[in-house]
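Structure first, commentary second.
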Amino acid sequence: MRKQLLLGLGLVSALLVSVQASAQKFEQLAKTPQMGWNSWNTFGCNVDEKMIRAMADAMVTSGMKAAGYEYINIDDCWHGERDKNGFIQADKKHFPSGMKALADYVHAKGLKLGIYSDAGNTTCAGRPGSRGHEYQDALTYASWGIDYVKYDWCDTQDINPKSAYATMRDAIHKAGRPMLFSICEWGDNQPWEWAQDVGHSWRTTGDIYPCWNCEHNHGSWSSFGVLPILDKQAGLRKYAGPGHWNDMDMMEVGNGMTEEEDRAHFSLWAFMASPLIAGNDLRNMSDTTRAILTHKETIAINQDKLGIQAMKWIDEGDLEIYIKPLEKGHYAVLFLNRADDAMDYRFDWSFHYMKDDISKHEIFFDKQAFNWRNIWNGETGSTKEVLNIKVPAHGVVVLRLSPR
Ligand code: GAL
């Protein structure tokens, strides 16, 4: 009897171990926010293999790959029909060589390929979703050599978001190929509260729109400019860290905003430890756009190993100051001017104290001095002296502080 009981207990724990073994994500991915490119912002549904290949080429020739960008992500509309056994196929007209060949091409460039699906019956553009096909789809993606799955939330009716995303997480793990899992349910179900062990990032808002401070009304839904997206991050920084990031959406750098706005947008996404996923046409971007997207010192702030999302330190209405603790006792400080006019700003460090209860960092500027470097114009100085800066309209000044 005792033996049987022990045997039974053994079986139960073996079962638990096997359930637990599949209930996990690939932990080694996105230790710093993922960097790449995604087709949606510029191309919408007009995706095909020729364009995706050209984008991989441009990622290399533009210097984006050297700057750290890695993923080429095909968003909605690559899908064809499911075959008679339910396996998803690429749209044969636009992807005649198939996804495996495309992944091989992208891998040969030293890059990775991402794909898009949806937890519901259909994607947001009406293509087949993964509902009821999760394990089959994850296996298919793995067999194609896919490295990244963005998983959307259209046509999900009343399904439970937590279990729908966990099912795909488990399916990916079971398929056995490390694929970064990017959750896209627009922050509707507070994914920051439950997705840390489910995905590597979660969208925190609805879709982005290339404007500074607008909400663009599409009828039943809205998309948002840089400032509204930034403001929706309030309270979320405690949920982000290595392997699990607040995703502020693919970037609109190079898609119609001014140079100052683009620089501010890129700097803010970097500070907020958001994934840096370019959304412009890499094949013919301007030198200005390229210089912003490949700006080394900004990328280093985003990719800092501590993985601490910036905190809004000082709020003076149109002028806000963000601070991000970095490795080796460094800090990045961003002065944001939300207003329509440039602003002369005087900042006496010695009057200021910074305390971050979440990352447990504290600075008494009257006791501790730093050297600073303005990472966009190269100027240098010290926190022992009063700072006098001109912050452009819709713009930022970014300083990197290092201990003296
Ligand atoms: C939206 C998503 C966008 C894009 C689009 C595709 O739900 O937020 O980023 O993926 O669907 O239809």
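The values are calculated or read from the model by the stated rules, or taken from the named source; none is laboratory data. Keep in mind it's a predicted model, so treat the numbers as computed, not measured. Note that each Cβ is placed from the backbone with ideal geometry, even for glycine, and that neighbours are counted across all protein chains shown. Areas reflect the complete protein model, heavy atoms only, side chains present, ligands, DNA and RNA absent. Shrake-Rupley method; radii C 1.70, N 1.55, O 1.52, S 1.80 Å.
Brief remarks on what is shown
- Test: residue in the stretch 92-110 that is over 24 Å from Asp249 (Cβ atoms), within 16 Å of the ligand (Cβ to nearest atom) and assigned by TED's automatic domain parsing to the domain that holds Met51: yes
- Members of the stretch 254-280 found to be of a type outside the set (Gly, Ala, Ser), assigned to a loop (DSSP other than H, G, I, E, B) and either within 16 Å of the ligand (Cβ to nearest atom) or open to solvent by 30 Å² or more (accessible area, probe 1.4 Å) (or both), listed by number: Asn255, Thr258, Pro275, Asn280
- Within the option set Trp144, Trp153, being crowded, with 18+ Cβ neighbours inside 10 Å and away from the ligand (no atom under 15 Å from the Cβ) holds for one residue only, Trp144.
- Asp158 over 20 Å from the mean Cα position of the chain (by Cα), assigned by TED's automatic domain parsing to the domain that holds Ala30 and modelled with pLDDT under 95: yes
- Pairs meeting the criteria (first residue in the stretch 212-235 and in contact (Cβ under 8 Å) with a residue 60 or more places away in the chain, second residue open to solvent by 80 Å² or more (accessible area, probe 1.4 Å) and outside any helix (DSSP H, G or I), beta carbons under 7 Å, at least 6 apart or on different chains) are Leu227/Asn213.
- Those residues of the stretch 23-47 which are within 16 Å of the ligand (Cβ to nearest atom) and in a loop (DSSP other than H, G, I, E, B), in sequence order: Gln34, Ser39, Gly44, Cys45, Asn46, Val47
- Options Gly114, Gly126: the member that is open to solvent by less than 10 Å² (accessible area, probe 1.4 Å) and within 16 Å of the ligand (Cβ to nearest atom): Gly114
- Cβ pairs under 7 Å, 6+ apart, first in the stretch 104-116 and more than 17 Å from Trp40 (Cβ to Cβ), second open to solvent by 10 Å² or more (accessible area, probe 1.4 Å) and in a helix (DSSP H, G or I): Tyr105/Arg53; Lys109/Val60; Gly110/Lys65; Leu111/Lys65
- Filter result (within 16 Å of the ligand (Cβ to nearest atom), in a loop (DSSP other than H, G, I, E, B), within 17 Å of the chain's Cα centre (by Cα) and within 25 Å of Ala264 (Cβ to Cβ)) within the stretch 184-235: Cys184, Trp186, Gly187, Thr204, Thr205, Gly206, Asp207, Tyr209, Pro210, Gly225, Lys232
- Qualifying residue in the stretch 382-404 (condition: open to solvent by 60 Å² or more (accessible area, probe 1.4 Å), hydrophobic (A, V, I, L, M, F, W, C) and part of a strand (DSSP E or B)): no
- Residue that is farthest from Pro210 (Cα to Cα), among those in the stretch 283-328 that are among the β-branched types (Val, Ile, Thr) and open to solvent by 30 Å² or more (accessible area, probe 1.4 Å): Thr294
- Options Met179, Met168: the member that is away from the ligand (no atom under 16 Å from the Cβ), buried (at least 21 other Cβ atoms within 10 Å of the Cβ) and assigned by TED's automatic domain parsing to the domain that holds Ile88: Met179
- Filter pass, Trp376 being out of contact with any His (no Cβ under 7 Å at 6 or more places or on another chain) and open to solvent by less than 40 Å² (accessible area, probe 1.4 Å): no
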